[in-house]
Amino acid sequence: MCGIVAYNGQKQAAPILLEGLEKLEYRGYDSAGLAVRDGEGDIEVVRAKGRLKVLAEKTNEGKSLKGDCGIGHTRWATHGEPSENNAHPHESLHAEVVAVHNGIIENYQEIRSKLERHQYTFYSQTDTEIAVNLIEYYRHKYDETPIGALRRAMMRIRGSYALAVLFKDRPGEIYLARKDSPMIIGVTEGESFAASDAPAILKHTRHVYYIDNMELACLSKGGVTFYNIDGEQIEKEITEITWDAEAAEKGGYEHFMMKEIFEQPKAVEDTLHSVCDGQEIDLKDIHLDEEEIRSIAHITIVACGSAYHVGVAAQYVIEDLSRIPVRVELASEFRYRNPILGENELVIVISQSGETADSLAALREAKRQGVKTLGIVNVVGSSIAREADNVFYTLAGPEIAVATTKAYSAQLMAVYCLAVRFAYVRGKINKEEYKKYIDELSALPEKISKSLEDKERLQWFAAKFGNNRDIFYIGRGMDYATCLEGSLKMKEISYLHSEAYAAGELKHGTISLVEKGTLVIGVSTQNELYEKTLSNMIEVKSRGGYLVGITSYGHYSIEDTVDFTIYIPRTDSHFTTLLTVPSLQLLGYYMSVNKGLNPDKPRNLAKSVTVE
Ligand code: AGP
């Protein structure tokens, strides 16, 4: 996610802003910038690609920027490559408005077209520049105050934002607006602050206000005035922050992994909204228009680790819905086995980092064979994103923990969108079914939150079974794909050996390993396979296994068979992985923490495997 900071006080703003941005570095970024003004003087803007030290060098540690009022930004790219041009702060066409933004503007294209009709031109690829010009446009069109123009923009924009805005004709004032993205406001004698997160201001004050959704504010020197979306002034309670800076970076969670597990609903929702307005799934931006979709004869998905597990799930969903043949390959194997890629093949490379060496090599092999490639990537401007013919960005934001959670789920949502869109365009589902699937996709973020409500029971269970030598995850069809990811989460952060097995395959050897007390986690969410998986689970139980059953609400008969049940909200059987895996992530997390391990930094593992 991006980081924003704002300062309005008696001291030089730039050094304070830089220091605040350093406290937000954990949020991940690829460029940064400052906008500072000295009294009635012009607003001076400096931006730089890369780490904060580049910006610090460019501004002589902030000393070259004079003024006691300013805003700063670290950018995690969502629209537009990492570059100085795309870095914030962004300025309106007539330089009357300068702003920094954390969030995603979903309808920025339509707003851009509107502004272009009013002779606006743009220098960047960002959604933020659109917002800045919209605010300027409203000030002129309606002769509005800053608050008036901001509230009009808020009612026009669809998406999420934490905005800090300077107006050329309002020296000594900083305006704020918020919807869904985090923002905290601090005050102390003669100074006021705003930031995406508490660590950026804790050094200066612990007395803070929380601005709520669809609210606005104006920072003066030592004070803040709040407004509701109707432009009416409102009162807010001041509170005191009691926790320390490190805890604040993790949003109050003990580990980044837990924070990111609970960021999944938003990561999934933002990814869905990047291609779906609730009525249509539009893939034109990734150059998969209807003709392209109809021309696909075969799909090969290539990835590593958890991204590969997304591919396994994608194979079930895309094949079942669109009837396009799908092959899933481990990138480390694919790149060396002289793969056969046919006419009208689409190769999809899935990668959170976009830098995994094996996946990048697989992409290059596909391109060498002249095959169309699509990247599903979380890091904008990463190697795979740049080299693939087209890229579908997951909007999970930076993922700090080595074990992927929210990026995995955002990738799942991306492949669900592809599967539903492909099925509709190729006439495999009708308009009514298409809308039904879209409605169900739209309901998934809330259902993930519901799944996560089970965390206390999972924490208890993990404490009870933390010393198991072997753990088996079994499932059929889509549930097998789920088991693959659940098992990897357990292995990589708790160091307990586990194995995912197709439930129907157990009797071909592996069941000989099951003995009294062996922990077996049976996943059975596929209605048409429910009975078969249940009988596999009974086979395990009869050999002494301790059986955990995961199924959808309604399949209560499972309790006659298993020792411990985890229920997930009902959803279409194609999408159950997205609701089951969060529970398995929590299980792995608690097993790890119970062993006194740090799930954020598991031994021997790197966040991105950029070597073979
Ligand atoms: C997942 O928890 C692991 N950290 C690992 O398997 C990861 O998914 C794999 O290395 C692929 O990384 P990528 O998505 O960045 O390409």
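The numbers here are math on the coordinates, done by the rules we state, and not lab data. All values reported here derive from a predicted model rather than from experimental measurement. Positions of Cβ are backbone-derived with ideal geometry, glycine not excepted, and every protein chain shown enters the neighbour counts.
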- Message: Using only alpha-carbon positions, what ratio does the radius of gyration of segment 101-166 give when scaled by 2.2 N^0.38 Å?
- Response: 1.01
- Task: Output the relative contact order of segment 484-612, whole-number percent, from Cα pairs under 8 angstrom with separation of 6+ residues.
- Result: 29
- Message: Can you give me the C-alpha center-to-center distance between segment 447-518 and segment 19-72, rounded to a whole angstrom?
- Response: 48
- Note on the structure: With -39,500 (n - 2.57) per DSSP H segment of 4 or more residues and division by the full residue count of the chain, the 222 nm estimate, nearest 500 deg cm²/dmol, is -11000 deg cm²/dmol
- In whole percent, what relative contact order does the chain give with Cα contacts below 8 Å and a gap of six or more residues? 11
- Query: Using alpha carbons only, how many degrees (0 to 90, rounded to 10) separate the axis of helix 431-452 from the longest principal axis of the chain?
  - Reply: 80
- Among the lysines, which fall within straight-line cross-link reach of residue 11, defined as a Cα-Cα distance under 21 Å, with same-chain neighbours fewer than 8 residues apart omitted? 23, 58, 63, 66, 168, 203, 221
- Task: Enter the Cα centre distance for the pair segment 340-419 and segment 257-329, rounded to the nearest angstrom.
- Result: 10
- Viscosity 1.002 mPa s, 20 °C: Kirkwood-radius Stokes-Einstein D of the chain over Cα pairs, µm²/s: 84
- Once Lys and Arg get +1 and Asp and Glu get -1 on their Cβ, which of 287, 258, 272 lies farthest toward the positive end of the dipole of segment 208-339? 287
- Could you give the alpha-carbon Rg of segment 77-211 over 2.2 N^0.38 Å, rounded to two decimals? 1.05
- If you count the DSSP beta bridges with both ends in the chain, what percent of them are antiparallel, to the nearest 5? 60
- Message: I'd like the orientation of helix 108-117 relative to the chain: the angle between its Cα long axis and the longest Cα principal axis, in ° from 0 to 90, rounded to 10.
- Response: 40
- Task: Classify segment 451-581 as rounded, prolate or oblate from the Cα gyration tensor: take a ≥ b ≥ c as the square roots of its eigenvalues, call it rounded if a/c is under 1.5, otherwise prolate when a/b beats b/c and oblate if not.
- Result: rounded
- Item | Overall Cα dimensions of segment 331-484 - principal axes, largest extent first, Å | 53, 43, 31
- How do 353, 332 line up, fewest other C-beta atoms within 10 Å first? 332, 353
- Which of 167, 262, 334 comes first, and how do the rest follow, when ranked by fewest Cβ neighbours within 10 Å? 262, 167, 334
- Degrees between helix 146-156 axis and first principal axis of the chain (Cα, 0 to 90, nearest 10): 30
- Neighbour net charge for residue 222 - beta-carbon separation under 15 angstrom, K R +1, D E -1: -2
- Item | Relative contact order [Cα under 8 Å, 6+ residues apart], segment 277-424, whole percent | 26
- Query: How large is log10 I(q)/I(0) at q = 0.14, 0.22 Å⁻¹ when the Debye formula is applied to the Cα atoms of segment 215-293, each weighted equally and without solvent?
  - Reply: -0.87, -0.98
- Query: What would the Debye formula give as log10 I(q)/I(0) at q = 0.17, 0.27 Å⁻¹ for the alpha-carbon point model of segment 267-311, no solvent?
  - Reply: -0.72, -0.99
- Treating only the Cβ atoms of Lys and Arg (+1) and Asp and Glu (-1) as charged, compute the dipole magnitude of the chain about its Cα centre; round to the nearest 20 debye. 940
- Query: With a 10 Å Cβ neighbour count serving as the proxy for reagent exposure, in which order, fewest first, do 259, 450 appear?
  - Reply: 450, 259
